[in-house]
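Right, one structure below, let's go through it.
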């Protein structure tokens, strides 16, 4: 990046986001950039860092604040931006506020017409509360003036993804088709997580980073609290089970800060946490004790858009048969290990990690990590350029004499191959013993028989250290993938 991009020397990860930010900075036309993503993901930090040299005004919405208080905050922030020593005059309306802001930016443009000017509205849903008049005022500001200023880049940001999409990106009012770029900021990948930890002096091997990821996900705010010198198990103890651990009570705030009626969202999350392999829509609603209908659909869509829940379409079936899984690693970890723990403190996780429950849970959690890194997995298999679809497959026979089977992830390729993926989390190279080999043979033969597929099926094993090259692996496994490929 060039020196004029406004980027500070180092921001760990976020390479794709920074490239988009640079394109917006280098554009010679007015740009309206909408950024959204879940709480704690680092949206504000990256925006501030990247646009620091070009920022001429920034305003962050106050949670549950009145319009008067929001306008007072605006006046104070504008006084700081203009370096005024006078007592700031509080505008009566948002239309008045944007008139003053326009004059400030016009003065800057006259001073240096060649420089890019960035204005940043953070936590937009909090600013644009009902009957506040903010959204109407910003629409008028942009449509009547901002959209005609080639030096201007306006960045709007919010954690409530569904609000940002409904009221801004898909808005049918004054901002319809005005957003020039949209970005959903995702959690860090494993590779970005490793880069972030190394920059913070935390040096762990790939398997330990995966274990951390299974508990925290790639959420920068969570990761920055990991202290150098701790193992993954010690760090999880410190974050989740210590008396003042930052993640011990995070769940209570996570959904409440994003959704007005968050009880429905939490009910769906709890239902999915109890069924890590996923549930069909009606099964999920029944488990959450929520009625079917528009409100439930809206709640589910909000969780999907924010990335808390993911949907897989079963192979060979339609979307009405979709399977939903809880994708948020922290929520899955909290509901399984933290919430019901009567006792906690130093060493809690080190003890829990040695229980049989950990072995079963870690398998599902590792599957989630692999699902999140399908792009990297396909690259490792050499099929990035091959058109493919990813799906799950379940066979529940009606005849008691028949045997059911489930494949959590299959990759159906256009080159007449289907990868049947098995993910195993282990502390050493995974051993396919006699019993598991028999299970795999049954699973593969059942899939071929029930689906009557003519495609070649290839068993793909994914594990932290790969699989031991015994007779069973040589017979059954086509692709033995070591989990370090997920970091690429």
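Could you tell me whether any residue of the stretch 69-76 is farther than 24 Å from residue 149 by Cβ and touching a strand residue (DSSP E or B) at 6+ places or on another chain (Cβ under 9 Å)?
There is at least one residue in the stretch 69-76 that is farther than 24 Å from residue 149 by Cβ and touching a strand residue (DSSP E or B) at 6+ places or on another chain (Cβ under 9 Å).
Looking at 300, 268, which is the one that is under 23 Å from the mean Cα position of the chain (by Cα), buried (at least 18 other Cβ atoms within 10 Å of the Cβ) and modelled with pLDDT under 95?
So the residue among 300, 268 that is under 23 Å from the mean Cα position of the chain (by Cα), buried (at least 18 other Cβ atoms within 10 Å of the Cβ) and modelled with pLDDT under 95 is 300.
When only residues in the stretch 61-71 that are outside any helix (DSSP H, G or I) and buried (at least 16 other Cβ atoms within 10 Å of the Cβ) count, which is nearest to the chain's Cα centre (by Cα)?
For the stretch 61-71, the residue satisfying everything is 61.
Answer yes if at least one residue in the stretch 306-319 is in a helix (DSSP H, G or I) and surrounded by fewer than 18 Cβ atoms within 10 Å (Cβ to Cβ), and no otherwise.
Among the residues of the stretch 306-319, at least one is in a helix (DSSP H, G or I) and surrounded by fewer than 18 Cβ atoms within 10 Å (Cβ to Cβ), which makes the answer yes.
Do we find that residue 176 is in the same structural domain as residue 113 (by TED's automatic domain parsing) and assigned to a helix (DSSP H, G or I) in this structure?
No; evaluated as a whole, the condition is false for this residue.
Can you spot a residue in the stretch 240-260 that is modelled with pLDDT under 90 and assigned to a helix (DSSP H, G or I)?
yes
Looking at the stretch 156-179, which of its residues are farther than 16 Å from residue 141 by Cα and in contact (Cβ under 8 Å) with a residue 60 or more places away in the chain?
157, 158, 159, 160, 161, 162, 164, 165, 169
Take residue 153 and decide whether it is buried (at least 18 other Cβ atoms within 10 Å of the Cβ) and closer than 22 Å to residue 27 by Cα.
The answer is yes for residue 153.
Does at least one position in the stretch 30-40 carry a residue that is at negative phi and free of Cβ contacts under 8 Å to residues at least 60 places away in the same chain?
No - not one qualifying residue is present in the stretch 30-40.
Please enumerate the residues belonging to the stretch 280-297 that are more than 26 Å from residue 358 (Cα to Cα) and crowded, with 18+ Cβ neighbours inside 10 Å.
From the stretch 280-297, those more than 26 Å from residue 358 (Cα to Cα) are 281-282, 285-286, 289-297; that's our starting set.
Within the stretch 280-297, 281, 285, 290, 296 meet the criteria.
Of the residues 297, 292, only one is part of a helix (DSSP H, G or I), more than 18 Å from residue 364 (Cα to Cα) and without any contact (Cβ under 8 Å) to a residue 12 or more places away in the chain; which?
Only one candidate passes the filter, namely 297.
Which condition does residue 277 not pass, out of (1) under 21 Å from the mean Cα position of the chain (by Cα); (2) exposed (fewer than 15 other Cβ atoms within 10 Å of the Cβ); (3) more than 29 Å from residue 232 (Cα to Cα), if it passes all the others?
(3)
Which count do you get for residues in the stretch 72-95 that are exposed (fewer than 15 other Cβ atoms within 10 Å of the Cβ) and in a helix (DSSP H, G or I)?
Of the residues in that region, 2 qualify.
Of all residues in the stretch 186-225, which are within 13 Å of the chain's Cα centre (by Cα) and assigned to a loop (DSSP other than H, G, I, E, B)?
Answer for the stretch 186-225, where residues must be within 13 Å of the chain's Cα centre (by Cα) and assigned to a loop (DSSP other than H, G, I, E, B): 186, 187, 188, 189, 217, 218, 219.
Looking at the stretch 210-231 only, could you name the residues that are surrounded by 22 or more Cβ atoms within 10 Å (Cβ to Cβ) and either farther than 23 Å from residue 46 by Cβ or in contact with a strand residue (DSSP E or B) (Cβ under 8 Å, 6 or more places away or on another chain) (or both)?
Listed by number, the residues that qualify are 210, 211, 214, 215.
For the stretch 16-52, how many residues are farther than 21 Å from residue 161 by Cβ and in a helix (DSSP H, G or I)? Talk me through it step by step, then tell me what you get.
Residues of the stretch 16-52 that are farther than 21 Å from residue 161 by Cβ, as a first pass: 19, 22-23, 25-30, 49, 51-52.
Those left that are additionally in a helix (DSSP H, G or I): 19, 22-23, 25-26, 49, 52.
The number of residues fulfilling the criteria is 7.
Do we have any residue at all in the stretch 342-349 that's touching a strand residue (DSSP E or B) at 6+ places or on another chain (Cβ under 8 Å), buried (at least 20 other Cβ atoms within 10 Å of the Cβ), touching a residue at least 24 places away in the same chain (Cβ under 8 Å) and not assigned by TED's automatic domain parsing to the domain that holds residue 321?
No, because not a single residue in the stretch 342-349 is touching a strand residue (DSSP E or B) at 6+ places or on another chain (Cβ under 8 Å), buried (at least 20 other Cβ atoms within 10 Å of the Cβ), touching a residue at least 24 places away in the same chain (Cβ under 8 Å) and not assigned by TED's automatic domain parsing to the domain that holds residue 321.
The values are calculated or read from the model by the stated rules, or taken from the named source; none is laboratory data. Nothing here was measured: the structure is a model prediction, and the numbers come from that model. All Cβ positions, glycine included, derive from the backbone under ideal geometry; neighbour counts span all protein chains shown.
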